[in-house]
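> I'd like to ask some things about the structure below.
Bear in mind these aren't lab numbers, they're just calculated from the coordinates by the rules spelled out. Predicted model, so just to flag it, every value in this text is computed and none were measured. Using ideal geometry, Cβ is built from the backbone for each residue, glycine included, and neighbour counts are taken over all protein chains shown.
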Amino acid sequence: ELSKKAISQFRFFEKQMNRTIHEKIQMERELRKALESGEFELYYQPQIQLTTGQVVGMEALIRWNHPEKGMIPPNKFIPIAEETGLIIPINEWVMETACCQTKQLLDQYPFLSVSVNLSPYEFESRRLVYKLVKILEKTNLPPHCLDVEITERMTMDTEKAIPILKRLKLVGVTISIDDFGTGYSSLSYLKKLPIDRLKIDRSFVQNIQEEKEAVLPAIISLGHNIGVKVLAEGVETEQEVAYLKEKQCDEVQGYYYAKPLPYHDLVKFLEEHKK
Ligand code: C2E
Ligand code: MG
Ligand code: MG
Ligand code: MG
């Protein structure tokens, strides 16, 4: 027999559930509108080569300028975009915009490359390679100037991931493993993946303490042993930079150098850091 308390609890959860479903539907509608009316913007975070101090690339990070709610960070809407499948057209916009804006910088900065983040659903989409080729043709960006970031999780099923990665390599883009160290990739399989770079998750970089201190150099050597570059994410202090330099990390990205910048500010940053 259901107690009054149980019934009222059930009603409460029912209400909560309807509210979140309602919120999601609302958000989906707003995301569609955002895409149509140009409310998305790309910010760019510079990537610096440690030995030379040269800016060698930047990561494109999406922002949503909501007309009423202001700036919405990706963590607030990417999960819903993924659930609804809207991530596909949204990231298509990201890739095309990133390629187009980077192409405009190449005359002055020929060594630049731009990184874009791929979502799991998109990574497995049969049309990904086709779309990338089309965008590269349309924007005239050389393929080696585009880097795609995938997470460790997306490579876990290696039988599925390796053929996709090989097709991407045929297109000529480079591949980075994002947030490296937080997933569960088996180290023996890592060697088999045709990748170009490991991006160490910022949790390993920030406030380097004893336990982490053992991990960071280990990841850097691991990367070098399998012949890939290693970038450390989330570098915020001079000490972290010095430490990473000493441990022969190749590249860094983080607030110490710059927060993600609107395109216009990225151009200024590049001018100021021209070598
Ligand atoms: P991510 O790819 O790992 O990007 C790095 C995140 O760390 C960015 O957050 C960046 O602003 C932040 N960050 C960089 N340096 C520092 C630092 O020194 N300190 C701290 N505390 N944070 C730092 P953001 O821009 O909020 O992006 C969050 C995540 O959203 C990204 O993580 C990425 O997974 C996803 N994302 C962003 N843009 C896109 C996109 O266009 N498509 C897809 N599918 N995902 C995206
Ligand atoms: Mg990333
Ligand atoms: Mg990352
Ligand atoms: Mg991260």
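> With r as the distance between the Cβ atoms of His22 and His264 and R0 = 30 Å, compute the FRET efficiency 1/(1 + (r/R0)^6) and round to 0.05.
FRET efficiency, His264 to His22: 0.20.
> Now a separate question. If you take the square roots of the eigenvalues of the alpha-carbon gyration tensor of the stretch 1-57 and sort them as a ≥ b ≥ c, do you get rounded (a/c under 1.5), prolate (a/b over b/c) or oblate?
Because a/c hits 1.5 or more and a/b fails to exceed b/c, the stretch 1-57 counts as oblate.
> Also, quick follow-up: Hey, rough spin-label estimate for Arg11 and Lys131, points 7 angstrom out along Cα→Cβ, what's it come to in nanometres?
4.5 nm
> Within the stretch 158-197, which chymotrypsin sites (Phe, Trp or Tyr not before Pro) sit in a loop by DSSP and count at most 12 neighbouring Cβ atoms inside 10 Å?
Listed in order of number, the matching sites are Tyr184.
> Shifting gears a bit: Classify the stretch 163-275 as rounded, prolate or oblate, taking a ≥ b ≥ c as the square roots of the eigenvalues of its Cα gyration tensor: rounded when a/c is under 1.5, otherwise prolate if a/b is larger than b/c and oblate if not.
Note, shape of the stretch 163-275 comes out oblate.
> Next question. Based on the Cβ-Cβ distance of Thr52 and Tyr255, what FRET efficiency does E = 1/(1 + (r/R0)^6) give at R0 = 22 Å, to the nearest 0.05?
0.60
> Summing Lys, Arg as +1 and Asp, Glu as -1, what charge do residues with Cβ under 11 Å from the Cβ of Glu236 carry, Glu236 excluded?
Working: positive: Arg202, Lys259; negative: Glu233, Glu238, Glu240.
Result for the neighbourhood of Glu236: -1.
> Please work out the FRET efficiency for the pair Ala242 and Ser203, using the Cβ-Cβ distance as r and a Förster radius of 25 Å; give the result to the nearest 0.05. Walk me through the numbers before you get to the answer.
On the way: r = 20 Å, r/R0 = 0.78.
Once rounded, the FRET efficiency stands at 0.80.
> Any chance you could run the full-extension gain for Ser37 through Asp107? It's 0.36 nm times the residue separation minus the Cα-Cα distance, nm to one decimal.
Working: separation 70, 0.36 × 70 = 25.20 nm, distance 3.05 nm.
The span from Ser37 to Asp107 would gain 22.1 nm if fully extended.
> Here is a further query. For the chain, what does the relative contact order come out to in percent, with C-alpha contacts under 8 Å and a separation of six or more? Write out the running numbers ahead of the final one.
Numbers: 405 pairs, mean separation 49.1, N = 275.
After rounding, I find 18 percent.
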